Structures are given as structure tokens and as C-alpha cells.
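Structure record follows, encoded as C-alpha cells.
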Amino acid sequence: MIHTILHPLNGQSNVFKNVNTELKSVMSYLVKHYMNKEVRTIEDTASVVEAAQKIVETDEGYLIVLNKGRPSGIVTENDFVKKVMAQRLDPEKLTVAQIMSFPLVTVDPEEDLLKATEIMKQHTIRRLPVVKDGIIYGIITASDIAMGCGEYVDRSVRDIVRWTAPFGI
């Protein structure tokens with residue numbers, strides 16, 4: 001028979017709780033550290049042709065749509081294909097506001113990468129604007145997260161080893 005006894009170390013009953021809190025804060029890999037700070041934007045009154053040209057020039061595959069300077073939606077290559085081309089609509093006669101995806105799904109810059117991936121999965125999106133208080137700070141993509149995964153896993157393992165070693169775990 002095996003018995004596991006948890007006891008406070010050094011007379012402190014909150015040691016495990018404190019370690020868990022510290023471990024969580026150290027192991028948080030925040031969106032703001034992985035996001036791209038260069039955000040491509042376009043006003044919602046712009047034509048679809050203008051947006052397509054801008055997407056081709058930037059080679060990013062998306063534009064954040066602004067309404068009076070505030071982020072209100074996103075237009076992606078997918079929007080052009082599904083909402084314009086497949087419907088055989090004239091892109092010269094459409095504005096970005098008519099084809100953009102909205103409401104804009106966003107993440108706070110202080111959230112961790114896990115939360116960002118959960119939001120992407122829940123909404124079936126690959127690009128997630130980073131917004132706080134209506135101000136856009138950047139964008140994080142599935143590719144950004146994938147490229148950061150190696151570093152994320154490596155740092156996570158090192159953090160776990162560092163924080164569990166003193167307890168002989």
C-alpha cells in the first residue's frame with residue numbers, strides 16, 4: 001500500500017499554492033511577445049479591388065478593416081473567393097464593408113498563446129487581431145504560433161524543471 005502525504009514545507013501551508021501561482025505566471029507565454037506588430041489596414045469604404053491590390057502588395061493575405069479609425073472587421077483572401085468570385089459579383093462595385101468578416105474576433109495582448117489558439121479553434125480562423133480597448137496592437141496568426149511552438153515547448157520544459165527541482169518532484 002502506498003501513502004502520499006502532502007505537508008507544508010518550512011511551516012508554510014501555502015507553499016504549494018504559491019509555487020503553482022508563480023509557476024503559472026512564469027510559464028505564461030503572452031500573445032504580445034509573439035504577435036506581429038505590423039498590421040495591414042484598410043478603410044471600410046475602400047473598394048474590393050483596392051483591397052485586393054493592397055493584399056497582393058503586402059503578401060499578408062489579410063487586411064484589418066477600419067471604420068473611422070477603429071477596427072471593425074477583417075477581409076481575407078478567402079472572403080474574396082467565397083463572397084465575390086464564387087458569387088460572380090463585380091468587385092469594382094463592392095466596398096470592403098460589404099465582404100468583410102465581422103464582428104472582429106480578437107485577443108488581448110496580455111492573454112497567453114493557449115488562449116489565442118483556443119479562440120482560433122473556436123472560430124475556425126487563422127488570423128487573430130490583438131486588440132485592447134478598441135486599439136489594435138498587432139495580429140497573431142496560426143503560423144506565428146506554430147513557429148513559436150518550439151521555443152514555447154523548450155521554455156515550458158525548462159520552467160517546469162526549474163520550479164519542480166527544489167521539491168524533488
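Is at least one residue of region 52-63 under 26 Å from Glu110 (Cβ atoms), assigned to a helix (DSSP H, G or I) and either within 23 Å of the chain's Cα centre (by Cα) or modelled with pLDDT under 95 (or both)?
No, region 52-63 contains no residue that is under 26 Å from Glu110 (Cβ atoms), assigned to a helix (DSSP H, G or I) and either within 23 Å of the chain's Cα centre (by Cα) or modelled with pLDDT under 95 (or both).
Name the residues in region 143-157 that are in contact (Cβ under 8 Å) with a residue 12 or more places away in the chain and over 17 Å from Glu118 (Cα atoms), would you?
Correct list: Arg155, Ser156.
Take Asp144 and tell me if it is modelled with pLDDT of 75 or more and on the phi > 0 side of the Ramachandran plot. I'd like the intermediate steps shown before the answer.
Working: modelled with pLDDT of 75 or more: yes; on the phi > 0 side of the Ramachandran plot: no.
In short, no.
Tell me, which residue of region 81-102 that is in a helix (DSSP H, G or I) and among the hydrophobic types (A, V, I, L, M, F, W, C) is surrounded by the most Cβ atoms within 10 Å (Cβ to Cβ)? First the steps, then the outcome.
Filtering region 81-102 for residues in a helix (DSSP H, G or I) gives 81-85, 91-93, 96-99.
If we keep only those that are among the hydrophobic types (A, V, I, L, M, F, W, C) as well, we get 81, 84-85, 96-97, 99.
On the way: Val81: 11, Val84: 18, Met85: 11, Val96: 25, Ala97: 17, Ile99: 21.
Out of the qualifying residues, it is Val96.
Could you please let me know if Arg127 is over 20 Å from Leu30 (Cβ atoms) and of a type in the set (Lys, Arg)? Don't jump to the end; show me each part of the working.
Working: over 20 Å from Leu30 (Cβ atoms): no; of a type in the set (Lys, Arg): yes.
It is false that Arg127 is over 20 Å from Leu30 (Cβ atoms) and of a type in the set (Lys, Arg).
For residues that are surrounded by fewer than 17 Cβ atoms within 10 Å (Cβ to Cβ) and not in a loop (DSSP other than H, G, I, E, B), scanning just region 103-116, find the one that is modelled with the lowest pLDDT.
Checked region 103-116; the qualifying residue modelled with the lowest pLDDT is Leu114.
Anything in region 30-51 that is under 23 Å from the mean Cα position of the chain (by Cα) and acidic (Asp, Glu)? List them, or say none.
Selection gives Glu38, Glu43, Asp44.
Can you tell me which residue is nearest to Leu104 (Cα to Cα) among those in region 117-151 that are among the polar types (S, T, N, Q) and assigned to a helix (DSSP H, G or I)? Steps first, answer last, please.
If we filter region 117-151 for residues that are among the polar types (S, T, N, Q), which is where we start, we get 117, 122, 124, 141, 143.
If we keep only those that are assigned to a helix (DSSP H, G or I) as well, we get 117, 122, 143.
On the way: Thr117: 16, Gln122: 14, Ser143: 19 Å.
This residue is Gln122.
Please tell me if Pro8 is within 30 Å of Arg162 (Cβ to Cβ), in contact with a helix residue (DSSP H, G or I) (Cβ under 9 Å, 6 or more places away or on another chain) and modelled with pLDDT of 95 or more.
Values: within 30 Å of Arg162 (Cβ to Cβ): yes; in contact with a helix residue (DSSP H, G or I) (Cβ under 9 Å, 6 or more places away or on another chain): yes; modelled with pLDDT of 95 or more: no.
It is false that Pro8 is within 30 Å of Arg162 (Cβ to Cβ), in contact with a helix residue (DSSP H, G or I) (Cβ under 9 Å, 6 or more places away or on another chain) and modelled with pLDDT of 95 or more.
Could you list, in sequence order, the residues of region 116-136 that are in contact (Cβ under 8 Å) with a residue 12 or more places away in the chain and farther than 12 Å from Tyr34 by Cβ?
Filtering region 116-136 for residues in contact (Cβ under 8 Å) with a residue 12 or more places away in the chain gives 116-117, 119-120, 123, 125-132, 134, 136.
The answer is Ile119, Met120, His123, Ile125, Arg126, Arg127, Pro129, Val131, Lys132, Gly134, Ile136.
What number of residues within region 54-76 are surrounded by fewer than 18 Cβ atoms within 10 Å (Cβ to Cβ), in contact with a Leu (Cβ under 8 Å, 6 or more places away or on another chain) and β-branched (Val, Ile, Thr)?
Of the residues in that region, 0 qualify.
The values are calculated or read from the model by the stated rules, or taken from the named source; none is laboratory data. Predicted model, so just to flag it, every value in this text is computed and none were measured. Reconstructed Cβ throughout: ideal geometry from the backbone, glycine too, with neighbour counts over all protein chains shown.
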